[in-house]
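Single-structure report; data block below.
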Amino acid sequence: MQSDEKRVLTRADLDALIGALAGRGYRVVGPVLRDQAIIYDDIGGVADLPAGWTDEQDGGRYRLERREDDALFGYAVGPHSWKKYLHPPRLQLWSAKRGENGFAVDREPETIPPFAFIGVRACEIQAIAIQDRVFLEGPHVDPHYQARRAGAFILAVNCGKAAGTCFCVSMGTGPCAKSGFDIALTELTDAGEPIYVAEAGSATGMEVLSGVSDRAAQPAEIERAAAVVARTAATMGRSMETEGLRDLLMNNLDHPRWDDVAERCLTCGNCTMVCPTCFCTSVEDSSDLSGQEASRSRRWDSCFTMDFSYIHGGSVWASPKSRYRQWMTHKLASWFDQFDTSGCVGCGRCITWCPVGIDITEEARAIRENPGQKAKS
Ligand code: SF4
Ligand code: SF4
């Protein structure tokens with residue numbers, strides 16, 4: 001459900017909204033400033049948000065800088081994504097305790113309060129939708145993801161600034177949230193103290209919004225909000241031509257560019273860790289020394305590790321070239337075959353957080369500009 005009526009919130013209203021969500025039992029999580037980056041963590045109100053900060057991003061580069069205003073959302077995306085809550089880096093799948101009659105196994109997903117995510121960007125909403133497709137819409141539903149995703153409240157923010165590594169416009173995912181949110185805000189910073197043009201995207205969103213503001217947005221404010229996202233769309237740091245991209249990559253698996261990128265790639269796996277859609281995991285078992293307790297955990301893994309593709313006799317992706325090619329062709333090509341969607345939403349994190357600045361848009365462009373070449377064997 002989406003309401004056509006847009007409201008205006010002040011900073012105090014937004015603070016009240018966050019308080020209202022906490023009062024309804026949500027665990028409220030949002031952007032905070034920590035260790036010289038903007039990451040996601042629990043928040044108690046707008047005082048915890050990174051007011052007056054922005055980020056400068058490029059290949060292998062991320063820096064925070066002061067803004068000239070007090071914008072609460074005047075930056076793009078940082079190293080964290082919401083996947084750390086919905087699909088945590090480490091998760092216990094079951095535990096077992098030895099008793100008089102043998103082992104008693106506990107495999108119930110943990111009970112957790114519903115999340116309220118504050119400041120979700122349009123590309124991140126699409127990333128969540130992609131993970132929904134992977135974990136909930138296939139033949140095997142993941143009960144852990146399902147428990148965490150159920151009842152999550154999404155307060156989206158339409159981007160007022162594109163990072164140097166953003167390319168959501170190319171991927172059709174941003175910078176304006178079109179659906180998949182409970183409330184969407186656009187921050188207006190052009191007239192002193194920031195204000196927020198808000199629209200509800202669900203019945204719960206409308207209820208929460210109505211509880212904190214009854215001031216309807218004026219046509220001029222709605223126009224200013226539209227101008228904010230139009231300006232952001234026009235200033236994307238990167239772009240990627242997606243027309244025919246799946247076939248282009250699948251028809252160029254022997255292209256010499258894969259050798260070129262392998263010369264630069266450290267196979268560190270950072271790109272997969274920061275990517276909001278990557279979902280690969282490995283399973284580990286452990287037991288205590290007395291043999292009384294055992295547990296099985298799932299942890300994020302990466303197609304850049306040798307172990308991840310290890311089968312009888314060795315790793316399928318033994319070379320850096322094969323690992324990078326697997327990652328990029330999965331994101332941009334074979335993901336369509338598996339899930340009917342691209343695995344990339346254009347958030348740019350893999351470019352920013354690659355220590356050597358490898359740029360997925362540049363790699364795709366290099367193949368497009370010289371298709372059909374074959375590496376010398
Ligand atoms: S592309 Fe960059 S981030 Fe990804 S594995 Fe290679 S060096 Fe690491
Ligand atoms: S592949 Fe890179 S740009 Fe695309 S969604 Fe993942 S981290 Fe973002």
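The values are calculated or read from the model by the stated rules, or taken from the named source; none is laboratory data. Treat the numbers as computed from the prediction; the structure is a model and nothing was measured. Here the Cβ positions follow ideal geometry from the backbone for every residue, glycine too, while neighbour counts run over all protein chains shown. These area figures cover heavy atoms from the full protein model, side chains too; ligands, DNA and RNA do not enter into them. Shrake-Rupley method; radii C 1.70, N 1.55, O 1.52, S 1.80 Å.
Tabulated results
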| quantity | calculated |
| --- | --- |
| Scan of region 82-92 for residues that are open to solvent by less than 30 Å² (accessible area, probe 1.4 Å) and not in a loop (DSSP other than H, G, I, E, B), ordered by number | K83, Y85, L86, L91 |
| Pair list, Cβ under 9 Å, 6 or more apart: region 263-276 residue within 11 Å of I351 (Cβ to Cβ), other residue open to solvent by 40 Å² or more (accessible area, probe 1.4 Å) and more than 9 Å from ligand 2 (Cβ to nearest atom) | N270/P355; V274/H80 |
| Selection count, region 327-345, where residues are within 16 Å of ligand 1 (Cβ to nearest atom) and either open to solvent by 10 Å² or more (accessible area, probe 1.4 Å) or in a helix (DSSP H, G or I) (or both) | 7 |
| Per-region count, region 221-241, residues among the β-branched types (V, I, T) and either crowded, with 18+ Cβ neighbours inside 10 Å or in contact with a Leu (Cβ under 8 Å, 6 or more places away or on another chain) (or both) | 3 |
| Criterion (open to solvent by less than 30 Å² (accessible area, probe 1.4 Å) and within 16 Å of ligand 2 (Cβ to nearest atom)) met by exactly one of C303, C268, C280 | C303 |
| Candidate set from region 50-81 (those that are among the hydrophobic types (A, V, I, L, M, F, W, C) and in a strand (DSSP E or B)); member that is surrounded by the fewest Cβ atoms within 10 Å (Cβ to Cβ) | L64 |
| S319 being among the hydroxyl-bearing types (S, T, Y), open to solvent by 10 Å² or more (accessible area, probe 1.4 Å) and within 15 Å of ligand 1 (Cβ to nearest atom) | yes |
| Complete set of residues in region 285-312 that are part of a loop (DSSP other than H, G, I, E, B), within 16 Å of ligand 1 (Cβ to nearest atom) and among the polar types (S, T, N, Q) | S302, T305 |
| 2 or more residues among the small types (G, A, S) and open to solvent by less than 10 Å² (accessible area, probe 1.4 Å): qualifying helices (runs of 4 or more DSSP H) within region 95-196 | 122-136 |
